[in-house]
């Protein structure tokens with residue numbers, strides 16, 4: 001945002017008083033109606049005027065020089081200590097650096113200065129969300145929505161938080177409110193499908209995944225999810241078709257690649273399984289599932305040392321993986337028996 005040095009402080013404050021939260025969906029935030037009231041300048045003012053500091057700060061921000069930008073924003077804030085928009089900018093500078101412990105106090109100050117500023121509550125909620133303080137995050141999102149019921153980004157982010165808090169029905173209700181505000185919001189449609197699938201309501205999940213494909217025909221994620229549902233319904237042929245479609249759309253799509261490798265393993269097509277699982281490992285070496293399946297594969301091939309290495313890696317990545325622990329015991333026993 002380029003600011004003119006000839007604009008008045010009131011006009012500048014109004015222009016800057018917007019929500020600067022980046023939501024999981026990458027949605028812009030609208031807070032044109034949330035300009036805070038300006039306060040009298042502090043007794044000891046820094047050199048320059050408010051507009052100059054804001055222009056300099058935003059230029060530094062746009063250049064990715066966030067620490068320097070914070071310095072200039074603070075100089076502007078010294079001239080107008082109650083300017084909530086400037087506090088939001090400072091919080092956002094820290095947010096861009098993932099310094100949530102520093103961003104959070106700035107957003108908290110903004111809420112304290114203007115409790116009726118919905119966008120400040122949304123910003124603070126997002127900061128809590130990123131720190132996995134989901135109870136606090138839920139409270140701030142609900143406050144933002146109490147002040148601004150049609151705040152779509154807050155509805156979307158609240159739905160995500162409710163999912164983390166194991167409140168799926170409430171999460172679906174929030175995603176539905178997002179769709180009331182924007183029926184083309186494919187991410188919300190997709191998330192309802194995911195929640196329905198996790199609850200075992202496959203018909204509803206398929207309904208929403210198909211709606212999602214109408215909005216986004218090239219979604220590898222949706223085809224992969226449909227493949228998983230077809231597996232659960234014991235329709236292996238349709239599952240494979242969905243996974244192949246996902247990989248045609250995105251050859252790097254991990255879930256589909258992992259599922260294809262697992263299916264080949266179950267069919268004892270070991271070369272194909274090794275090929276698919278190897279590609280899955282390249283995409284995501286930090287998921288215990290691919291190491292577990294590779295461990296199973298090497299066990300079948302009687303490559304016991306490789307199997308042990310993969311299963312130990314799976315357990316290291318996920319100490320709660322009981323299947324990997326049991327498989328490891330079998331491999332170790334088989335290796336001893338072989339000797």
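Of the residues making up the range 90-103, those that are in contact (Cβ under 8 Å) with a residue 24 or more places away in the chain and buried (at least 21 other Cβ atoms within 10 Å of the Cβ) are 91, 92, 93, 94, 95, 103.
Please determine whether any residue of the range 209-217 is outside any helix (DSSP H, G or I) and more than 12 Å from residue 186 (Cα to Cα). Break it down into steps so the answer makes sense when it comes.
Of all residues in the range 209-217, those outside any helix (DSSP H, G or I) come to 216-217.
Right, trim to more than 12 Å from residue 186 (Cα to Cα) and you get none.
No, because not a single residue in the range 209-217 is outside any helix (DSSP H, G or I) and more than 12 Å from residue 186 (Cα to Cα).
Only residues that are more than 31 Å from the chain's Cα centre (by Cα), surrounded by fewer than 21 Cβ atoms within 10 Å (Cβ to Cβ) and touching a residue at least 24 places away in the same chain (Cβ under 8 Å) were counted across the range 307-326, and they come to 1. Please indicate, with yes or no, whether at least one residue in the range 242-250 is exposed (fewer than 14 other Cβ atoms within 10 Å of the Cβ), outside the structural domain of residue 335 (by TED's automatic domain parsing), within 25 Å of the chain's Cα centre (by Cα) and without any contact (Cβ under 8 Å) to a residue 60 or more places away in the chain. Yes: the range 242-250 contains one or more residues that are exposed (fewer than 14 other Cβ atoms within 10 Å of the Cβ), outside the structural domain of residue 335 (by TED's automatic domain parsing), within 25 Å of the chain's Cα centre (by Cα) and without any contact (Cβ under 8 Å) to a residue 60 or more places away in the chain. Here residue 200 passes the criteria (1) in a helix (DSSP H, G or I); (2) not assigned by TED's automatic domain parsing to the domain that holds residue 337 except the one numbered (1). Scanning the range 98-148 for residues that are part of a loop (DSSP other than H, G, I, E, B) and within 16 Å of the chain's Cα centre (by Cα) gives 98, 131, 132, 133.
Which residue, of 153, 106, 180, 119, is within 30 Å of residue 70 (Cβ to Cβ) and either out of contact with any helix residue (DSSP H, G or I) (no Cβ under 8 Å at 6 or more places or on another chain) or free of Cβ contacts under 8 Å to residues at least 60 places away in the same chain (or both)? Spell out how you get there, then give the answer.
Numbers: 153 fails: either out of contact with any helix residue (DSSP H, G or I) (no Cβ under 8 Å at 6 or more places or on another chain) or free of Cβ contacts under 8 Å to residues at least 60 places away in the same chain (or both); 180 fails: within 30 Å of residue 70 (Cβ to Cβ); 119 fails: either out of contact with any helix residue (DSSP H, G or I) (no Cβ under 8 Å at 6 or more places or on another chain) or free of Cβ contacts under 8 Å to residues at least 60 places away in the same chain (or both).
It is 106.
Every listed requirement among (1) assigned to a helix (DSSP H, G or I); (2) within 28 Å of residue 325 (Cβ to Cβ) is met by residue 240 save one, (2).
Looking for something more than 28 Å from residue 237 (Cβ to Cβ), part of a helix (DSSP H, G or I) and in contact with a helix residue (DSSP H, G or I) (Cβ under 9 Å, 6 or more places away or on another chain) - is there at least one such residue anywhere in the range 278-289?
So far as the range 278-289 goes, yes, one or more of its residues are more than 28 Å from residue 237 (Cβ to Cβ), part of a helix (DSSP H, G or I) and in contact with a helix residue (DSSP H, G or I) (Cβ under 9 Å, 6 or more places away or on another chain).
Taking residues in the range 55-83 that are in the same structural domain as residue 98 (by TED's automatic domain parsing) and modelled with pLDDT under 95, and partners anywhere that are buried (at least 23 other Cβ atoms within 10 Å of the Cβ) and not in a helix (DSSP H, G or I), the pairs with Cβ atoms closer than 8 Å and at least 6 places apart or on different chains are 76/83; 77/83; 82/36; 83/36. When you check residue 170 against the structure, is it more than 30 Å from residue 69 (Cα to Cα), out of contact with any helix residue (DSSP H, G or I) (no Cβ under 8 Å at 6 or more places or on another chain), part of a helix (DSSP H, G or I) and without any contact (Cβ under 8 Å) to a residue 24 or more places away in the chain, yes or no? Answer is no for this residue.
The values are calculated or read from the model by the stated rules, or taken from the named source; none is laboratory data. Because the structure is predicted, anything quoted here is derived from the model rather than measured. Here Cβ is always computed from backbone atoms with ideal geometry, including for glycine, and neighbour counts include all displayed protein chains.
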